[in-house]
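The values are calculated or read from the model by the stated rules, or taken from the named source; none is laboratory data. None of these values were measured; they are calculated from a predicted model. Virtual Cβ from ideal backbone geometry, glycine too; neighbours counted across all protein chains shown.
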């Protein structure tokens with residue numbers, strides 16, 4: 001039985017992925033900050049903030065999937081909050097290297113989450129590929145450092161894959177639920193300016209990508225985990241309105257108001273660009289939900 005150790009296993013992606021891998025016959029191990037005896041899967045204690053991780057979680061040749069990271073959409077980006085966001089992605093990766101490679105328990109593959117924010121918070125018609133350089137803004141630099149924390153595994157001969165993930169759509173627990181919450185009251189709320197692109201991926205496709213990466217030893221380096229259908233925010237909300245038979249009549253929420261309410265974090269919803277999935281498709285991967293209509297039907 002193959003073993004896979006997952007950080008962030010209780011989160012949106014981790015919980016879906018753990019279920020799928022367990023059904024496929026993988027022995028799923030979680031690293032947790034909480035009670036190690038309460039989860040569905042065998043779990044071991046870790047506390048990256050204090051540099052602790054139970055090394056008994058790992059065996060030679062394990063697959064390691066690093067999903068744990070502080071949510072960029074929770075709380076205004078104060079200086080302290082920015083440090084927390086960045087450290088949750090870098091310090092944790094360094095700790096995982098210490099307790100695996102550093103302790104002589106070399107993984108067969110190390111898969112780290114990353115984000116399409118690697119390319120920056122900007123509104124652009126350009127289609128970004130894995131060959132593009134990282135942005136120098138806060139999110140771009142954060143993603144660069146996030147990925148850099150995985151590089152020592154490569155130096156030790158471990159196959160490393162970095163999945164630059166778009167906004168994940170799911171039936172429950174995803175950003176889509178927050179974005180469409182006003183629809184339950186019959187309202188479609190659009191965020192300014194509306195023509196910003198909205199990179200996205202359905203949770204089922206994202207989990208299939210992780211599964212493929214685990215089993216396809218030819219895959220290494222960065223991959224954009226984003227659906228091939230490029231849509232704007234307005235197109236997304238128009239499709240939600242169509243599926244729910246709701247009118248679109250409210251004006252856009254002004255960008256300046258979003259900045260007042262959210263501060264610098266407003267760029268998450270007011271900016272967006274096109275992300276290429278061509279490198280992923282070249283591996284033979286096929287999306288189950290390549291277009292927003294089929295993805296939203298599955299979610300809503």
For the range 137-183, what are the residues that are modelled with pLDDT of 95 or more and more than 18 Å from the chain's Cα centre (by Cα)? 137, 151, 152, 153, 154, 155, 156, 157, 158, 159
Please state which of the following conditions residue 7 fails to meet, knowing it meets all the rest: (1) within 17 Å of the chain's Cα centre (by Cα); (2) surrounded by fewer than 21 Cβ atoms within 10 Å (Cβ to Cβ). (2)
Please go through the range 52-71 and pick out each residue that is in contact with a helix residue (DSSP H, G or I) (Cβ under 6 Å, 6 or more places away or on another chain) and either without any contact (Cβ under 8 Å) to a residue 40 or more places away in the chain or more than 19 Å from residue 110 (Cβ to Cβ) (or both). 70
Among residues belonging to the range 109-131 that are part of a loop (DSSP other than H, G, I, E, B) and over 16 Å from residue 221 (Cβ atoms), point out the one that is modelled with the highest pLDDT. 120
Given (1) touching a residue at least 40 places away in the same chain (Cβ under 8 Å); (2) within 25 Å of residue 229 (Cα to Cα); (3) touching a strand residue (DSSP E or B) at 6+ places or on another chain (Cβ under 7 Å), where does residue 147 come up short, assuming only one miss? (2)
Filtered residue count, the range 86-104, keeping only those that are touching a residue at least 60 places away in the same chain (Cβ under 8 Å) and in contact with a strand residue (DSSP E or B) (Cβ under 8 Å, 6 or more places away or on another chain): 2
Those residues of the range 16-25 which are surrounded by fewer than 18 Cβ atoms within 10 Å (Cβ to Cβ) and in contact (Cβ under 8 Å) with a residue 40 or more places away in the chain amount to 20, 24
Counting only residues that are in contact with a helix residue (DSSP H, G or I) (Cβ under 9 Å, 6 or more places away or on another chain) and free of Cβ contacts under 8 Å to residues at least 60 places away in the same chain, how many does the range 261-283 have? 1
Mind listing whichever residues of the range 107-135 are closer than 30 Å to residue 53 by Cα and surrounded by fewer than 17 Cβ atoms within 10 Å (Cβ to Cβ)? 108
If I filter the range 80-98 for residues that are out of contact with any helix residue (DSSP H, G or I) (no Cβ under 7 Å at 6 or more places or on another chain), modelled with pLDDT of 95 or more, surrounded by 17 or more Cβ atoms within 10 Å (Cβ to Cβ) and not in a helix (DSSP H, G or I), do I get at least one hit? no
So, in the range 31-45, how many residues would count as being crowded, with 22+ Cβ neighbours inside 10 Å and within 23 Å of residue 171 (Cβ to Cβ)? 0
Which residues, taken from the range 46-60, are within 23 Å of the chain's Cα centre (by Cα) and crowded, with 18+ Cβ neighbours inside 10 Å? 46, 48, 53
